[in-house]
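The values are calculated or read from the model by the stated rules, or taken from the named source; none is laboratory data. All values reported here derive from a predicted model rather than from experimental measurement. All Cβ positions, glycine included, derive from the backbone under ideal geometry; neighbour counts span all protein chains shown. These accessible areas exclude ligands, DNA and RNA; they are computed on the full protein's heavy atoms, side chains included. Shrake-Rupley method; radii C 1.70, N 1.55, O 1.52, S 1.80 Å.
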Amino acid sequence: MSKSILATLLCCIFTISCSNDDKVAFTNADDREIGAYVRTTETVNADFSIHNPSDIFRVELEVHDEQNGALLDAIDVYLTYKKTGASPSNEVLLKTLPSDIFVVGQFGKPVSPLIISFEEALNAFNLTMADMSCKDQFEVRINQKLTDGRSFTTGQSSSKILAADDFWSSPFCYTINVIDPIPEDQFTGIYQLESIVDGPLGPTFGETQQVEVYKGHSTNVREMRLRHRLSIEQEQPRIFRFTIACDKVVFSKNLLSSKIGFCGIDPAILLGPDTENATIDPNDDTVFELWFVEGYLGFDGNCGFGTAPSRIKLSKQ
């Protein structure tokens, strides 16, 4: 399919999404039914500061199902602790959000914040602040339960449902990084981007270019807008995020390559963190690397490469 035809189709998709949301919301590209999902409409904070037990994780949730959220019974919230250099803990049920705490939002769907304090997360595993290390992580998983007995959680969606900053934005899973806060202006500014390990289809974002890095939704989160190599000019550059966690830089998960980042058949390629993160000097933001994968969770856009590493270098200008 030519890029011009793809551009036309992309415009059509955007038009349908705005004018016929109810039909689009429950059918994906494979014509499989999407029974229910929980949109993340905003991320307020996703870091825990190593010095602040009262720090909170907060995202805003919006519930969707075939009856505009009326089928919601409850959302169970699970937590896993990942100690740096150790195996993850067993998952625990942290709390349940019953349907009666949700209110009707501006689009007629049930909405509620999901808030987890650092202290609450520690208590769930009988830990104290003294047990914490920078670079530790907590993984949050939610399970959406409906009154008809069905439930929806991770592992049941395609990349277009999971992807952040998109129509659905329903990952059912979040990562909380334990960090040591850095100044807001650190790791920001104009950088020269260079591919140092090409992705499976070539340089993920192109060979070299200049890009602006700016502070994201959380203390140590940084963002930049880039075009994946399969994107087209009619698309806006997408947001790609990373977190500064002491001497490591952690690429964010569930980042969509492009609306058309696939090889013939969608869903599109998903980007996420590699199993190993790049080492940095948190006090020196002049040059650093980002290590990530294309085909995160196996979503390779039907291009056949599975999950493959890619690395870029950012040099301050």
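A few notes on this one:
- Taken together, the residues in segment 60-111 that are part of a loop (DSSP other than H, G, I, E, B), open to solvent by 80 Å² or more (accessible area, probe 1.4 Å) and of a type in the set (A, V, I, L, M, F, W, C) amount to 1.
- Filtered residues of segment 303-315 (kept if in contact (Cβ under 8 Å) with a residue 40 or more places away in the chain, small (Gly, Ala, Ser) and open to solvent by less than 50 Å² (accessible area, probe 1.4 Å)): ALA308, SER310, SER315
- The lone exception for SER54 - which of (1) closer than 18 Å to CYS173 by Cα; (2) in contact with a Ser or Thr (Cβ under 8 Å, 6 or more places away or on another chain) it fails: (1)
- Residues that are over 17 Å from PRO181 (Cα atoms) and modelled with pLDDT of 95 or more within segment 232-250 comprise PRO237, ARG238, ILE239, PHE240, listed in sequence order.
- Looking at ASP300, ASP284, ASP274, just one residue is surrounded by fewer than 23 Cβ atoms within 10 Å (Cβ to Cβ), in contact with a strand residue (DSSP E or B) (Cβ under 8 Å, 6 or more places away or on another chain), modelled with pLDDT of 95 or more and not hydroxyl-bearing (Ser, Thr, Tyr), and that residue is ASP274.
- VAL221 vs. criteria closer than 14 Å to ILE312 by Cα and among the aliphatic types (A, V, I, L, M): no
- Residue under evaluation GLY295, criteria (1) in contact (Cβ under 8 Å) with a residue 40 or more places away in the chain; (2) surrounded by fewer than 19 Cβ atoms within 10 Å (Cβ to Cβ), criterion not met: (2)
- Residue match in segment 203-225 (condition: among the basic types (Lys, Arg), under 26 Å from ILE280 (Cβ atoms), modelled with pLDDT of 95 or more and open to solvent by less than 60 Å² (accessible area, probe 1.4 Å)): yes
- Of the criteria (1) closer than 21 Å to ASP47 by Cβ; (2) touching a helix residue (DSSP H, G or I) at 6+ places or on another chain (Cβ under 9 Å); (3) not polar (S, T, N, Q), which one ILE75 fails: (1)
Results for (1) of a type outside the set (S, T, N, Q); (2) more than 22 Å from the chain's Cα centre (by Cα); (3) modelled with pLDDT under 95, shown as yes or no for each residue.
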position: GLY69; (1), (2), (3): yes, yes, yes
position: ASP73; (1), (2), (3): yes, yes, no
position: GLU91; (1), (2), (3): yes, no, no
position: LEU94; (1), (2), (3): yes, no, no
position: GLN106; (1), (2), (3): no, yes, yes
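- The residues of segment 244-292 include none that are free of Cβ contacts under 8 Å to residues at least 24 places away in the same chain, over 19 Å from MET224 (Cβ atoms) and in a strand (DSSP E or B).
- Elements of the type strands (runs of 3 or more DSSP E) sitting completely within segment 126-239 and holding at least 2 residues that are among the small types (Gly, Ala, Ser): these cover 189-197.
- Tabulated pairs, segment 123-151, first closer than 29 Å to HIS64 by Cα, second open to solvent by less than 70 Å² (accessible area, probe 1.4 Å) and basic (Lys, Arg), C-beta under 8 angstrom, 6+ apart or interchain: GLN137/LYS82; PHE138/LYS82; GLU139/LYS82; SER151/LYS145
- Of the numbered criteria (1) among the acidic types (Asp, Glu); (2) modelled with pLDDT of 95 or more; (3) buried (at least 16 other Cβ atoms within 10 Å of the Cβ), the one GLU184 fails is (3).
- Across segment 212-219, not a single residue is classified as among the acidic types (Asp, Glu), in contact (Cβ under 8 Å) with a residue 60 or more places away in the chain and under 28 Å from SER49 (Cα atoms).
- Subset of segment 42-51 [assigned to a loop (DSSP other than H, G, I, E, B) and modelled with pLDDT of 95 or more]: ALA46, ILE50
- Scanning segment 38-59 for residues that are over 20 Å from the mean Cα position of the chain (by Cα) and crowded, with 16+ Cβ neighbours inside 10 Å yields ILE50, PRO53, ASP55.
- Residue selected from segment 117-167 under the condition β-branched (Val, Ile, Thr) and open to solvent by less than 20 Å² (accessible area, probe 1.4 Å), by the criterion nearest to SER258 (Cα to Cα): ILE161
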